[in-house]
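Here the structure is laid out as structure tokens; the discussion comes afterwards.
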Amino acid sequence: MAYSEKVMDHFTNPRNVGEMENADGIGEVGNPKCGDIMKMYIKVDNDVITDVSFKTFGCGAAIATSSMATELVKGKTIPEALQLTNKAVMEALDGLPPVKVHCSVLAEQAIKAALSDYYQKQGIDPEPIVGKISECEECHFEEE
């Protein structure tokens, strides 16, 4: 499995890592059974994501996609951040192996989950704005 230089760079030198105190929104996605869990933190000021950070438990691709997703939404308005797709994350990283595409899906969902939490804290129903946050298809496992 070959990774691009950008994936390796974001894995070995991840940006925006760590918990954020007093975050305006926190989103967690993933499943411990598949091994990838992402937690995103956002600060919002005047509808702009002024700061974003993450904590990810998972493989190198999960860390790299989390790092890149934070870079792609930092400084963007909420509507711009909501346009983030897993495809955009993959393209920014110069691609991912097919078996790691789900990591980019989780990164997209983590940003949307943080935005959803932000709206809930404002007393606003997030679903009409953010949409439904669905489970990663790779993370569906039967309970034993």
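The values are calculated or read from the model by the stated rules, or taken from the named source; none is laboratory data. Computed from a predicted model, the values in this text were never measured in an experiment. Cβ coordinates were reconstructed from backbone atoms using ideal geometry, including for glycine residues, and neighbour counts include every protein chain displayed.
Just one residue in the set Val105, Val101 is under 20 Å from Val130 (Cβ atoms) and modelled with pLDDT under 95; that residue is Val105. Here Lys39 passes the criteria (1) surrounded by fewer than 16 Cβ atoms within 10 Å (Cβ to Cβ); (2) over 19 Å from Glu5 (Cα atoms) except the one numbered (1). Among the residues of the range 99-116, are any touching a strand residue (DSSP E or B) at 6+ places or on another chain (Cβ under 9 Å), surrounded by 22 or more Cβ atoms within 10 Å (Cβ to Cβ), over 16 Å from Asn31 (Cα atoms) and hydroxyl-bearing (Ser, Thr, Tyr)? Checking the range 99-116: at least one residue is touching a strand residue (DSSP E or B) at 6+ places or on another chain (Cβ under 9 Å), surrounded by 22 or more Cβ atoms within 10 Å (Cβ to Cβ), over 16 Å from Asn31 (Cα atoms) and hydroxyl-bearing (Ser, Thr, Tyr).
The residues of the range 1-26 that are touching a residue at least 60 places away in the same chain (Cβ under 8 Å), within 13 Å of Ala61 (Cβ to Cβ) and surrounded by 14 or more Cβ atoms within 10 Å (Cβ to Cβ), listed by number, are Tyr3, Ser4, Lys6, Val7, His10. A search for C-beta distances below 7 Å between a residue of the range 94-109 that is without any contact (Cβ under 8 Å) to a residue 60 or more places away in the chain and any residue that is among the polar types (S, T, N, Q) and surrounded by fewer than 18 Cβ atoms within 10 Å (Cβ to Cβ), counting only pairs 6+ apart in sequence or on different chains, returns Glu108/Thr85. Against the list (1) of a type in the set (A, V, I, L, M, F, W, C); (2) under 16 Å from Ile111 (Cα atoms); (3) in contact with a helix residue (DSSP H, G or I) (Cβ under 6 Å, 6 or more places away or on another chain); (4) at pLDDT below 95, the condition Ile37 fails is (3). Answer yes or no as to whether Thr85 is under 13 Å from His10 (Cβ atoms) and touching a Ser or Thr at 6+ places or on another chain (Cβ under 9 Å). Spelling it out, it is not the case that Thr85 is under 13 Å from His10 (Cβ atoms) and touching a Ser or Thr at 6+ places or on another chain (Cβ under 9 Å). Taken as a whole, the range 49-67 holds at least one residue that is touching a Lys or Arg at 6+ places or on another chain (Cβ under 9 Å), among the β-branched types (Val, Ile, Thr) and loosely packed, with under 15 Cβ neighbours inside 10 Å. Inspection of the range 129-137 identifies no residue that is in contact (Cβ under 8 Å) with a residue 24 or more places away in the chain and among the basic types (Lys, Arg).
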